[in-house]
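Working notes, structure below.
The values are calculated or read from the model by the stated rules, or taken from the named source; none is laboratory data. Everything quoted here is computed from the prediction, not taken from an experiment. Note: ideal-geometry Cβ built from the backbone for every residue, glycine included; neighbour counts use all protein chains shown. These accessible areas exclude ligands, DNA and RNA; they are computed on the full protein's heavy atoms, side chains included. Shrake-Rupley method; radii C 1.70, N 1.55, O 1.52, S 1.80 Å.
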Amino acid sequence: MKRIDTKDVWGEQGVGPRRLLHANQSIYVSFDAGYVGKLNDRTFSAEGIRQAGSYPEGMAFSNGLIVANSDRGRGNASIGFIEMLSFPSLNRVTSDLLICPTDILLINGGQYYLDKGTVDKDGNQIQTGVRSMRRGEIVNVMDATLFTRVNGRLFVVNAPKTIPETPVTFGYYDTDTQSSGTFDADGLENPSAMGFDEIDRRVYVACNGKDGNSGYVNIYSVEGKLVRRVETESHPIAFAVSYGSEEVE
């Protein structure tokens with residue numbers, strides 16, 4: 001295992017690593033300081049660092065690096081586009097609809113941003129949702145606090161933190177037809193993460209239970225039907241899929 005101290009490599013610009021992305025034979029790291037660093041994926045040597053925006057989080061790659069600059073919901077959020085042929089080149093798109101974008105998914109040539117919104121004076125989470133870029137404009141797609149890519153669809157869960165509680169919803173958005181629908185959300189209590197396994201074609205939704213401390217994962221088919229529920233330790237927050245390998249002659 002190779003360990004890299006990002007502050008040693010990039011100084012104060014490399015403080016507070018947030019997200020990683022492996023793409024284009026490089027590893028990209030976003031930092032709280034407002035920068036994205038680039039590492040060679042073989043040697044792990046630094047190949048540059050570029051200012052991205054305020055509190056950059058999730059990233060995606062499509063003819064260049066796309067960065068969700070969350071600004072932690074303080075009014076200066078943006079989507080950054082960094083040209084790869086000239087890593088220092090940066091363009092940013094802003095919109096009143098961008099409150100706190102944290103994640104990016106690319107589906108069928110489209111870009112979809114998960115926005116965690118902000119908190120009102122009463123402590124309620126508001127203005128959450130999926131946004132997209134159409135003809136250079138940011139548009140609202142649907143309400144959501146979690147999303148994952150399932151073939152050509154977005155599967156979404158909407159469960160903003162509010163008092164009284166907002167009923168949890170579970171559904172999809174078809175990026176080809178720009179249509180949406182809902183699934184049965186019964187059993188989704190305090191959902192915290194979503195993921196999709198492309199091999200077994202199952203959708204996973206992690207939950208913290210009604211009391212906030214009873215961890216479990218609901219597993220769904222690509223038709224949105226509950227397949228089974230698996231108990232976990234408390235507070236599941238992320239997924240990773242590991243595939244086995246076998247040597248053959």
Inset, instruction - Select from segment 198-219 the residues that are farther than 14 Å from Ile237 by Cα and either in contact (Cβ under 8 Å) with a residue 60 or more places away in the chain or open to solvent by less than 20 Å² (accessible area, probe 1.4 Å) (or both) and list them in ascending order. - result: Val203, Ile219
Legend entry - Among the residues listed as Ile104, Ile99, the single one being touching a helix residue (DSSP H, G or I) at 6+ places or on another chain (Cβ under 7 Å) and open to solvent by less than 50 Å² (accessible area, probe 1.4 Å): Ile99
Legend entry - From Val222, Val156, residue being open to solvent by less than 20 Å² (accessible area, probe 1.4 Å) and modelled with pLDDT of 95 or more: Val156
Inset, instruction - Please verify whether segment 237-249 includes one or more residues that are in a loop (DSSP other than H, G, I, E, B), surrounded by 13 or more Cβ atoms within 10 Å (Cβ to Cβ), out of contact with any Lys or Arg (no Cβ under 8 Å at 6 or more places or on another chain) and at pLDDT below 95. - result: yes
Inset, instruction - Kindly indicate the residue of segment 5-58 that is among the β-branched types (Val, Ile, Thr) and either free of Cβ contacts under 8 Å to residues at least 24 places away in the same chain or exposed (fewer than 14 other Cβ atoms within 10 Å of the Cβ) (or both) and also nearest to Asp115 (Cα to Cα) among those meeting that condition. - result: Val29
